[in-house]
């Protein structure tokens, strides 16, 4: 029977800590307390001096903060005072350190672009806008409606993307923005020349794309060796005379089979910025591993000191950094070893790079992140932040110090500076609320088990000491799927929320296992790009079933009370678990999951766009069989469906369709719908509602707590 969870809208306002569970001990913290942490992101630094800026999200209040050496005391720069769901992104400090530029609004993690989200349901919706504010403090100035600002090296003007073209505006907002130039195609990826006199950009024209250079309104645009290819990622040489860029094949050609994985050719080209003449510098191997890395930022292209080009590649089986002379030669592997590099930054002097990697001497470091430093001309990587903590998104200050965000399994993330000499300086400790339960959080334990086909799977086990001899258990499944859950607070705000909820569930008496299934990052190419996965066979579900069977074999787990929950791709795998193995998984929470790979073109099986593909019918059938909706006849366990109806990553129709199918079969489900919010639940209050509903449902179904009153089933 269908049981829509309208009552959860009321239940979410009541602390789950007050739920009556006769056999359970009182919890040591509430969901509100564990989610009270300030979450920092967008860490950035000026190219000169010791100035830092970042964004803090404090219970939905997003504001800019700054700090300056040598003391690095945190100082609030903006005063936004509503949980309105408006992101702060593209935070940048001008090279001279005098201004902070940022974007307010948008959903920058969405798969498709629409107007700025309006999760507070304002009658007049907000806009995506670029702002600036003096580093010393003052009133923020609106620069332009638009996104992705890039500050000139002269610190005087800002290029802003708006409507597929570029605008230019003084950094102080003293005069209105104006169109920089007009060109065919969608203009993106603006890159100022080192002296600020010219701007490189990409003109995307559908099946092909050009790299161009703008000088002034009296000079024609210069195109870099235009061809039928798709060119992108332009980067200037330090002297401003040349550009390196990525070249990929253009659209068209004979249709390729969907079910056969194909190499993705690409190459590095170097062009004379004045004439546009270009030559090929290096061609990637035309192998599956040789495809551009998609782990973080694609190729991560840089023109470094010593006239060397640095890029990221998966060609040896791991996302590694390489450098090659700009005049040609063989790429030099800078980061050998079984670990990945992400969030890569070039130092202001262009002599070294810093990045976050799952590297270190501890075997558990493969499930952590540490800051690594490597010179651009030799394989000499150095882990700067060893230990049991986690560190990510490093930036290099003008004096050579390295700043990053750092956390532990208990302490939430905070900005940290590693000076060129001395001990690390943690910034903003005073922002951690007194009620945050740092001492009550468990340290997740790395566990390793094997799927039925022999693949080794990593997970993190959350377990509170004490309690009953046989406990209920929950499997958490991340989204993405190119993600990796860690042995501590995560660097993504979406997954920091999941970490908080996993800690809360463990505190309530559950054993929680977070699973890093195949298709995720952190364990090499073959793990990240497995065969027969997703819409082509869902082989990754083997890892989720193996996790359930591993839990059932543990002496402290009640094998009849194992639940599952996850969001996005994790929602898909939650639905797969309930559809395929309801005897193993007693209940689940499916948060904005994909349920039908054939419905809207997911998994390259669109019913209209691939009519000429040789194996289209076979691919469609396999995609259907890889979908939870094809397996509803074996679905028996109750499920809670949660979705925001302004989702820009997974169509809301996926949940609408599943609910209709479950209702038609008389299967038990509940639902919680968040009007006008997105895939990432932009408002803090909505995350609390979602987490409260998730925990309540799992408790009611797996612990026997009193069931919340449900409204009558729809007719």
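Observations on the model:
- Of the numbered criteria (1) part of a strand (DSSP E or B); (2) touching a helix residue (DSSP H, G or I) at 6+ places or on another chain (Cβ under 9 Å), the one residue 350 fails is (1).
- Test: residue in region 659-666 that is within 25 Å of the chain's Cα centre (by Cα), over 25 Å from residue 257 (Cα atoms), crowded, with 16+ Cβ neighbours inside 10 Å and modelled with pLDDT of 95 or more: no
- Screening 230, 247, 261, 235 for residues that are under 30 Å from residue 537 (Cβ atoms) and buried (at least 17 other Cβ atoms within 10 Å of the Cβ) leaves exactly one candidate, 230.
- The number of residues in region 238-259 that are assigned to a loop (DSSP other than H, G, I, E, B) and touching a residue at least 40 places away in the same chain (Cβ under 8 Å) comes to 11.
- Residue that is assigned by TED's automatic domain parsing to the domain that holds residue 133 and either surrounded by fewer than 15 Cβ atoms within 10 Å (Cβ to Cβ) or more than 23 Å from residue 303 (Cβ to Cβ) (or both), where the choices are 149, 176: 176
- Residue 426 meets all of the listed conditions (1) closer than 24 Å to residue 58 by Cβ; (2) modelled with pLDDT under 95 but one, namely (2).
- Selection count where residues are in contact (Cβ under 8 Å) with a residue 40 or more places away in the chain and farther than 30 Å from residue 152 by Cα, scope region 261-272: 1
Yes/no matrix, rows are residues, columns are (1) within 31 Å of the chain's Cα centre (by Cα); (2) assigned to a strand (DSSP E or B); (3) within 18 Å of residue 95 (Cβ to Cβ):
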residue	(1), (2), (3)
168	yes, yes, yes
174	no, no, no
180	no, yes, no
183	no, no, no
187	yes, yes, no
190	yes, yes, yes
201	yes, yes, no
207	yes, no, no
212	yes, yes, no
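- Any hit, region 308-326, residues being loosely packed, with under 15 Cβ neighbours inside 10 Å and either in contact with a helix residue (DSSP H, G or I) (Cβ under 7 Å, 6 or more places away or on another chain) or on the phi > 0 side of the Ramachandran plot (or both): yes
- Residue in region 18-38 that is surrounded by 16 or more Cβ atoms within 10 Å (Cβ to Cβ), part of a strand (DSSP E or B), touching a strand residue (DSSP E or B) at 6+ places or on another chain (Cβ under 9 Å) and modelled with pLDDT of 95 or more present: yes
- Taking the listed residues 603, 593, the one that is under 26 Å from the mean Cα position of the chain (by Cα), modelled with pLDDT under 95 and either in the same structural domain as residue 572 (by TED's automatic domain parsing) or over 30 Å from residue 257 (Cα atoms) (or both) is 603, with no other qualifying.
- Residue 695 fulfils the conditions (1) assigned to a helix (DSSP H, G or I); (2) in contact with a helix residue (DSSP H, G or I) (Cβ under 7 Å, 6 or more places away or on another chain); (3) over 16 Å from residue 587 (Cα atoms) except for a single criterion, (3).
- Per-region count, region 146-166, residues under 27 Å from the mean Cα position of the chain (by Cα) and not in a strand (DSSP E or B): 3
- Reported count of residues in region 105-139, each being surrounded by 19 or more Cβ atoms within 10 Å (Cβ to Cβ) and within 27 Å of residue 48 (Cβ to Cβ), is 5.
- Condition broken by residue 619, with the remaining ones in (1) part of a helix (DSSP H, G or I); (2) at pLDDT 95 or above satisfied: (2)
- Looking only at residues of region 454-466 that are out of contact with any strand residue (DSSP E or B) (no Cβ under 8 Å at 6 or more places or on another chain) and crowded, with 17+ Cβ neighbours inside 10 Å, we find that the one that is nearest to residue 535 (Cα to Cα) is 455.
- Checking each residue of region 118-128 against the condition of being touching a strand residue (DSSP E or B) at 6+ places or on another chain (Cβ under 6 Å) and at negative phi gives at least one match.
So that you can scan it fast, the table gives a plain yes or no per residue for (1) at positive phi; (2) in contact (Cβ under 8 Å) with a residue 60 or more places away in the chain; (3) surrounded by fewer than 17 Cβ atoms within 10 Å (Cβ to Cβ):
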| residue | (1), (2), (3) |
| --- | --- |
| 365 | no, no, no |
| 371 | no, no, no |
| 376 | no, yes, no |
| 380 | no, no, yes |
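The values are calculated or read from the model by the stated rules, or taken from the named source; none is laboratory data. Predicted model, so just to flag it, every value in this text is computed and none were measured. Here Cβ is always computed from backbone atoms with ideal geometry, including for glycine, and neighbour counts include all displayed protein chains.
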